[in-house]
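Take a look at the structure below.
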Amino acid sequence: MKKYKILSLLNSETPLDSIVINGWVRTKRDSSSFSFIEVNDGSCLKNIQIIAENKLSNYNDIKKLSIGSAVTVYGDLAESKGSGQKWEIQAKKFDIISIASDSYPLQKKRHTDEYLRTIAHLRPRTNKYGAVFRIRSELSFAIHKFFRDKGFKYIHTPIITGSDCEGAGEMFKVTAIDPEKAIKINGQSDYSQEFFGKPANLTVSGQLSAEMFALALGDVYTFGPTFRAENSNTRRHAAEFWMIEPEMVFCDINDDMDLGEQTIKYLTGYALKECKEDLELFATFVDKELINNLENICSSDFIRLPYEEAVKILKESKEKFEYEVSFGKDLQAEHENYLAGQYFKKPVILYNYPKSIKPFYMRVSDDDKTVAAMDILVPGIGELIGGSQREERLDVLELRMEECGLIKENYWWYLDSRRFGTVPHSGFGLGFERLLMLVTGIKNIRDVIPFPRTPGNIEF
RNA sequence: UCCCCAGUAGCUCAGCAGGUAGAGCAAGUGGCUGUUAACCACUUUGUCCGCGGUUCGAGUCCGUGCUGGGGAGCCA
């Protein structure tokens, strides 16, 4: 008796004798002398149909099987006499591992995403969420494959950081001290009592660390969790999310845009090729245009547009915007949506943003007005990638830090990299969940991450 | 954090102008059938989100809080 995944049985070329499968009952239909039981093991979207005849010694128990129950089936893979499927299993022995209580919340019908969020521990057992998380797994692998094939090294940057400002939003504080017992001196927290002897936070980006390794190993990337304590309540933001951050040496903003575009195209193409069956579900039930959109992303060039020209387009458009557009002001969501969703109807790379609205580490252009920053905007999602060429000149970088009100001493090691063999280098951050939203057509970030963390929500 | 919308059975929803609740699905029982979101018949189920108010009377109107959704800001 050989153990099989349902995926491999459904793809079998020939009938097979003496096989074993393990899984959970998705649905059951009784006939006069036997039952049809569909079992799923998570290996693929489809269930396999089991024929359990009343000759089986425990048939009375099998007849009472509830949805969600765990079973092990021994039998033969045979061609199905019915029309809905090629293969089915003729059960010779049918072990009931455990019975799911009839209060099992998942029913044989479509549930709303909002309801399924309240049972996030059970939702991966549904077709839709099973598909999401299989795709999530496949694309995680694809990320490593993409970068490894290009000669990038994978770097693990710290999750806990001592930098109190990495220039990307509010941070979660990390402490081992019970707040009830925290010692205060003149009303001020005494950080010398802290685990690290100074304030610590959860990382908002691995970029600064990755830069150090790029200057040693060459092109590198990180792929890990990232934390933002912003009180963001939108369908595109989570407090904990996964980010891919490549950092390339001897590389300018144009190379950076090239890599960003290639990455999105590769991962989209990978999903189209390797996750066909799961993607079909989304194309059928979530977004009818999905496959078309994804194919367009793979095949057509992204628009590249300097910020200044984007401002011009927006000013000349007849569209009525709530917020005014002018050089030096950051573009609002409505502007980005207009450019990517309506004007070009495809991904747009905006670059050369005004210096005044971007962080200290971005390279100052010759005009001294802009920095070598780039954002990749995608219809329906907005910003998928944010990146830049880094300021590699020590004197300019120090000046920018002063302008941005940062304490240089805290960044001594970062500045060291500009003293010892500094080179032009660039990188970006790609939001993994936003990529999954793009690939699946799912509209809410909470539905592409196993247990989403958002303001006021840390159940599970 | 701000603006808008919603909160009725396990799930999805109806309940039009204030008169104390209903459908489909699920669940339970029986029947039928190589079925496939199976089908047919019968049966069960409710602090109408919480609190306060208006009224003879509130699921329905008003206030407030909580939860969820959408949009904005912040960004990936």
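Structure data summary
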quantity: Degrees separating the helix A:394-403 axis from the principal Cα axis of chain A, which is the longest one; calculated: 90
quantity: Normalised per residue, the volume of the convex hull around the Cα set of segment A:2-98 (Å³); calculated: 90
quantity: Exposure of A:Lys312 as accessible area (Å², to 10), given a probe of 1.4 Å and all protein chains; calculated: 110
quantity: Expected 222 nm ellipticity per residue - DSSP helices of 4 or more, -39500 (n - 2.57), all of chain A, to 500; calculated: -8500 deg cm²/dmol
quantity: Computed lengthening from A:Val20 to A:Phe250, 0.36 nm per intervening residue step minus Cα-Cα distance; calculated: 77.3 nm
quantity: Compactness index (Cα Rg / 2.2 N^0.38 Å), segment A:273-350; calculated: 1.38
quantity: Mean separation of Cα contacts under 8 Å (6+ apart) over length of chain A, as relative contact order %; calculated: 13
quantity: Long-range HN-HN contacts of A:Ser365 with modeled amide H, under 5 Å; calculated: A:Thr370, A:Val371, A:Ala372
quantity: Gyration tensor over alpha-carbon atoms, chain A, equivalent ellipsoid semi-axes in Å; calculated: 49, 27, 21
quantity: Burial order of peptide ranges A:127-134, A:287-294, A:89-96 (average beta-carbon count within 10 Å, highest first); calculated: A:127-134, A:89-96, A:287-294
quantity: Relative contact order, percent, segment A:2-98 [alpha-carbon distance under 8 Å, six or more residues apart]; calculated: 29
quantity: Accessible surface of A:Leu7 - all protein chains present, 1.4 Å probe, nearest 10 Å²; calculated: 70
quantity: Long-range amide H partners of A:Ile50 with built H, under 5 Å; calculated: A:Ile37, A:Glu38, A:Val39, A:Ile89
quantity: Candidate lysines - alpha carbon under 30 Å from A:Lys181, same-chain residues fewer than 8 apart omitted; calculated: A:Lys173, A:Lys198
quantity: Two-site label geometry, A:Glu309 and A:Ser189: point separation in nm, points 7 Å out along Cα→Cβ; calculated: 4.7
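The values are calculated or read from the model by the stated rules, or taken from the named source; none is laboratory data. Values in this document were obtained by computation on a predicted structure and should not be read as measured data. Counting neighbours? That spans all protein chains shown, and the Cβs are built from the backbone with ideal geometry, glycine included. Accessible surface is based on the protein model in full, side chains and every heavy atom, while ligands, DNA and RNA are left aside. Shrake-Rupley method; radii C 1.70, N 1.55, O 1.52, S 1.80 Å.
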